[in-house]
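**Q** Attaching a single structure in structure tokens format; questions to follow.
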Amino acid sequence: MIKVGIISDTHSTFDDKVMRFLDPVDVIWHAGDIGDIATAERISAFKPLVAVYGNIDDYVVRSAYRNDCVMFDAEGAKVLMTHIGGYPGNYSSSFRNKIVAGRPTIVITGHSHILKVMWDKRFGHLHINPGAAGMNGFHRVRTAVRMVIDGGEPRDFEVGEWNR
């Protein structure tokens with residue numbers, strides 16, 4: 001069993017509110033737009049970090065987190081994570097090809113700043129977009145997600161919400 005925190009679009013903000021919400025997790029997955037290397041270092045000093053870079057991340061972040069898309073195993077669940085991938089019924093064609101080829105259990109995207117946790121009936125996976133944990137963007141509420149993966153099954157979802 002592993003406790004996972006999922007964030008995206010921090011845009012150089014990783015503050016005490018988000019840290020308190022993520023304190024019980026074992027690992028943090030970041031779906032891009034970290035903002036700067038200092039933010040990535042702050043997150044990784046707090047908890048182990050698996051991250052992809054996003055469209056606003058500079059060459060320093062992209063050098064440290066070399067992938068815009070990763071697939072990995074977490075307690076028997078196959079996870080596919082990217083920053084810009086879309087959502088069920090509206091995936092980009094290149095990301096849809098990765099879904100078809102990889103057959104993940106969990107798909108994580110960022111970029112939209114819109115929280116979504118939904119089942120993708122067509123491809124048979126759980127889709128998660130944690131929204132935006134940072135201060136920059138059009139969103140009015142900052143969000144993050146916590147969950148447990150046990151025996152390959154995601155469960156016990158919680159959403160953190162904070163006003164900007």
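**Q** So which of Val79, Val25, Val4, Val70 ends up being without any contact (Cβ under 8 Å) to a residue 24 or more places away in the chain, surrounded by 16 or more Cβ atoms within 10 Å (Cβ to Cβ) and out of contact with any helix residue (DSSP H, G or I) (no Cβ under 9 Å at 6 or more places or on another chain)?
**A** Of the residues listed, the single one that is without any contact (Cβ under 8 Å) to a residue 24 or more places away in the chain, surrounded by 16 or more Cβ atoms within 10 Å (Cβ to Cβ) and out of contact with any helix residue (DSSP H, G or I) (no Cβ under 9 Å at 6 or more places or on another chain) is Val70.
**Q** Can you work out which of the residues in the range 131-142 that are part of a loop (DSSP other than H, G, I, E, B) and among the hydrophobic types (A, V, I, L, M, F, W, C) is nearest to Asp16 (Cα to Cα)?
**A** Top of the filtered list is Ala133.
**Q** Could you please let me know if Ala101 is out of contact with any Cys (no Cβ under 6 Å at 6 or more places or on another chain), free of Cβ contacts under 8 Å to residues at least 24 places away in the same chain, open to solvent by 40 Å² or more (accessible area, probe 1.4 Å) and of a type in the set (A, V, I, L, M, F, W, C)?
**A** Answer is yes for this residue.
The values are calculated or read from the model by the stated rules, or taken from the named source; none is laboratory data. Since the model is a prediction, treat every value here as computed from it, not as a measurement. No Cβ is skipped: glycine too gets one built from the backbone with ideal geometry, and neighbour counts run over all protein chains shown. For the accessible areas, the whole protein counts, side chains as well, though only heavy atoms, and no ligand, DNA or RNA atoms are used. Shrake-Rupley method; radii C 1.70, N 1.55, O 1.52, S 1.80 Å.
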